[in-house]
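S.K.: Below is a structure I'd like to ask you about.
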Amino acid sequence: MSQTFASLKVPDYRRYIGAQLGANMGLWMQRVAQDWLVLQITGSSGVAIGFVTALQFLPFLLVAPWAGVLADRVSRQVVLVSTQSALIALSVAMALLVVTGSITETWIYIFALLSGVAAAVDNPARQAILGDVVGQENLVNGVALNSVAFNMSRILGPALAGVLIALWGTSEVFVITALLFGLSLVLLATMKSITHPRDHAASQGDRKPTLGQGLRFVGRDGAMLFCMLAVFIVASFNLNFQLTTALMSTVEFGGDAAAFGILTTILSVGSLLGSLLAARRKSVRIRLVVASAVMLGLMSALTGTMPTRLTYALALPLCGLFAMTFTTSVQSYVQVRTPAHMRGRVMGIYTVVFFAGTPVGAPLIGWASDHLGPRIGLIGGGALSVAGILILVMWLMRRMQRPANQT
């Protein structure tokens with residue numbers, strides 16, 4: 001088996017990837033069915049769609065840090081089995097509400113919030129077990145293949161949900177998502193290589209993990225802090241492709257929903273290719289994190305200057321490729337640099353930083369696009385991202401030189 005798929009030689013990693021595909025497919029299909037219900041009940045209210053999306057992602061900002069602490073205190077396997085059980089129950093409840101005609105806008109909001117909480121609790125624990133499953137030597141490959149599974153789910157999940165809603169209806173989609181979460185639960189429950197966090201913590205004298213310890217660990221390590229700040233900058237200004245692609249497709253090029261869907265798929269194909277290329281690497285250095293962030297910003301700005309829909313479509317895969325190169329490299333670097341007993345808390349912090357960028361940058365990019373044209377979202381966002389990364393690089397270089405100057 002080639003280096004690209006090296007982690008798949010590990011039986012537990014095959015279970016892990018199967019669980020990832022099941023859970024991610026379920027979440028994407030769930031979101032499509034949920035949004036379709038909102039459109040039907042509210043008469044295509046954009047405000048309602050925005051609100052339900054906010055409810056689903058808000059827990060990643062509020063819950064993820066404490067979920068990281070939980071992942072360093074109790075069995076991560078138990079956490080994951082519990083979150084999948086919760087998602088199964090929520091999907092079954094939604095299916096019953098739809099079938100009985102009892103579904104209302106309020107129930108959808110409650111469902112979105114609770115499923116968001118379950119996903120936010122799940123994420124740090126799921127990321128933290130990777131080191132146990134594949135070992136340090138294959139961790140970079142494991143992270144990259146995890147991204148492959150995510151991108152495959154992102155492409156297939158919404159498409160499958162749309163077809164099933166057209167053929168059968170939303171209640172059947174929720175039943176299928178429950179089955180997918182059930183598959184994920186079984187695979188996670190049968191994994192044998194996941195160690196208890198206390199086994200690592202005891203050897204480090206970390207008997208009562210706290211969030212403060214995780215924050216201090218990140219703050220003391222210049223490269224780690226650089227990565228977290230870089231993720232925030234890039235997520236704020238450069239990872240708003242759903243927004244910028246929608247505006248470029250409809251406003252700039254006069255396309256319809258079908259054209260937007262095609263451009264989104266093209267972007268996802270580039271992301272999938274970026275994940276596969278990342279899987280070939282055996283290690284990640286900070287220079288790759290910097291280079292991929294800068295290239296993503298430059299490519300986004302260049303894509304914003306494309307004169308026609310065809311040239312724009314041809315440039316989009318490179319945006320997806322560089323975006324995935326950045327996200328896989330920075331996550332691999334953070335995971336490898338973090339001790340096993342601290343990984344839950346650090347990945348909890350990483351999750352917050354990543355998701356916090358969107359509510360900061362997306363409204364700014366949207367406002368600029370409304371007033372200055374859709375292209376400014378890509379050109380300005382790319383430029384701001386590159387400028388922010390270069391400022392961070394200068395800060396990191398000065399910080400790394402400081403001890404040498406003092407000796």
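S.K.: Please find, among M295, M299, M397, M347, the residue that is outside the structural domain of A120 (by TED's automatic domain parsing), surrounded by 24 or more Cβ atoms within 10 Å (Cβ to Cβ) and in a helix (DSSP H, G or I).
M.R.: Being outside the structural domain of A120 (by TED's automatic domain parsing), surrounded by 24 or more Cβ atoms within 10 Å (Cβ to Cβ) and in a helix (DSSP H, G or I) holds for just one of M295, M299, M397, M347, which is M347.
S.K.: Something else about it: Only one of S85, S102 is in the same structural domain as R31 (by TED's automatic domain parsing), hydroxyl-bearing (S, T, Y), closer than 19 Å to T177 by Cα and modelled with pLDDT of 90 or more; which?
M.R.: On inspection, the qualifying residue turns out to be S85.
S.K.: Still on this structure, I have one more. In this structure, does V47 turn out to be over 16 Å from the mean Cα position of the chain (by Cα), crowded, with 20+ Cβ neighbours inside 10 Å and at pLDDT below 85? Let's see the steps before the verdict.
M.R.: Details: over 16 Å from the mean Cα position of the chain (by Cα): yes; crowded, with 20+ Cβ neighbours inside 10 Å: no; at pLDDT below 85: yes.
Judged against the criteria, V47 is not a match.
S.K.: Kindly list, by first and then second residue, each pair from a residue in the stretch 1-25 that is under 27 Å from S85 (Cβ atoms) and in contact (Cβ under 8 Å) with a residue 12 or more places away in the chain to a residue that is surrounded by 17 or more Cβ atoms within 10 Å (Cβ to Cβ) and acidic (D, E), limited to pairs with Cβ atoms under 8 Å and residues at least 6 apart or on different chains.
M.R.: A23/D122
S.K.: Which residues, taken from the stretch 273-292, are in a helix (DSSP H, G or I) and over 19 Å from the mean Cα position of the chain (by Cα)?
M.R.: I286, R287, L288, V290, A291
S.K.: In this structure, does I88 turn out to be farther than 24 Å from P339 by Cα, outside any helix (DSSP H, G or I), touching a residue at least 24 places away in the same chain (Cβ under 8 Å) and not basic (K, R)?
M.R.: no
S.K.: Related question: Considering each residue of the stretch 109-137, count those that are in a helix (DSSP H, G or I) and within 19 Å of M342 (Cα to Cα), and give that number.
M.R.: Here the count works out to 16.
S.K.: Pairs only if they're at least six apart or on different chains, beta carbon under 9 angstrom, first in the stretch 117-134 and outside the structural domain of L187 (by TED's automatic domain parsing), second surrounded by 24 or more Cβ atoms within 10 Å (Cβ to Cβ) and charged (D, E, K, R); list them, first residue then second.
M.R.: Sorted first by the residue in the stretch 117-134, then by its partner, the list stays empty.
S.K.: Turning to a different aspect of this structure: Restricting attention to the stretch 171-199, and to residues there that are part of a helix (DSSP H, G or I) and modelled with pLDDT under 90, which single residue is farthest from L8 (Cα to Cα)?
M.R.: R198
S.K.: Let me ask something additional. Tell me, yes or no, whether the stretch 371-388 has at least one residue that is over 16 Å from T245 (Cβ atoms), without any contact (Cβ under 8 Å) to a residue 40 or more places away in the chain and of a type in the set (S, T, N, Q).
M.R.: No: the stretch 371-388 contains no residue that is over 16 Å from T245 (Cβ atoms), without any contact (Cβ under 8 Å) to a residue 40 or more places away in the chain and of a type in the set (S, T, N, Q).
S.K.: Is it the case that N146 is out of contact with any Ser or Thr (no Cβ under 8 Å at 6 or more places or on another chain), crowded, with 22+ Cβ neighbours inside 10 Å and either in a loop (DSSP other than H, G, I, E, B) or in the same structural domain as S82 (by TED's automatic domain parsing) (or both)?
M.R.: In short, yes.
S.K.: Looking only at the stretch 50-68, which residues are among the aliphatic types (A, V, I, L, M), crowded, with 20+ Cβ neighbours inside 10 Å and over 24 Å from V173 (Cα atoms)?
M.R.: V63, A64, A67, listed by residue number.
The values are calculated or read from the model by the stated rules, or taken from the named source; none is laboratory data. Predicted model, so just to flag it, every value in this text is computed and none were measured. Positions of Cβ are backbone-derived with ideal geometry, glycine not excepted, and every protein chain shown enters the neighbour counts.
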